[in-house]
Amino acid sequence: MRPFLLHSILLSLCLPILGISQVGDTAPGFYLELGRKDATHELSFINGNLEDEKDFWVDQKRFEALLKKENPALYQTYINGKYEVYREHQILCGEPCYHSDEFARQSAFYLINGEAVGTSEVVLEVRRPKGKNN
């Protein structure tokens, strides 16, 4: 009975270490995807109440500051995920889109501080109008 108890204790002590190793391997991908999802949510967040929007951005900035303090590399990965979505939106939206001043400030921040990662760079397809020569 004693060896079983000893093995159980050793196993329970080692499991958290194994879990930390796995989290470390997947964390960059998780934060890149989280940045993309958050940016997509922010782009679809249409609220006529400017006070609510200001509160939203205060909370968002607080989260980002905490992440930057805890893990600067994961923070940059998160910002890179946001950059990709905001860059695509900037290219596709252009002048016709209207956003609040706070949204414009945040968008500029992500576009300045983020960078494209790997193959997720935005690719535009140029379509030419059909005419006599096509």
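Compared with the alpha-carbon gap, the fully stretched path from Ala108 to Asp59 is longer by 15.8 nm at 0.36 nm per residue. Kirkwood analysis of segment 25-120, using all unique Cα-Cα pairs, places the hydrodynamic radius at 13.7 Å. The peptide list 75-85, 99-109, put in order of mean Cβ contacts within 10 Å with the highest first, becomes 75-85, 99-109.
A short reminder: the numbers here are calculations on the coordinates, not readings from a lab. Here the structure is a predicted model, which means the values were calculated and not measured. Heads up, the Cβs are rebuilt from the backbone with ideal geometry, glycines too, and the neighbour counts pull from every protein chain shown.
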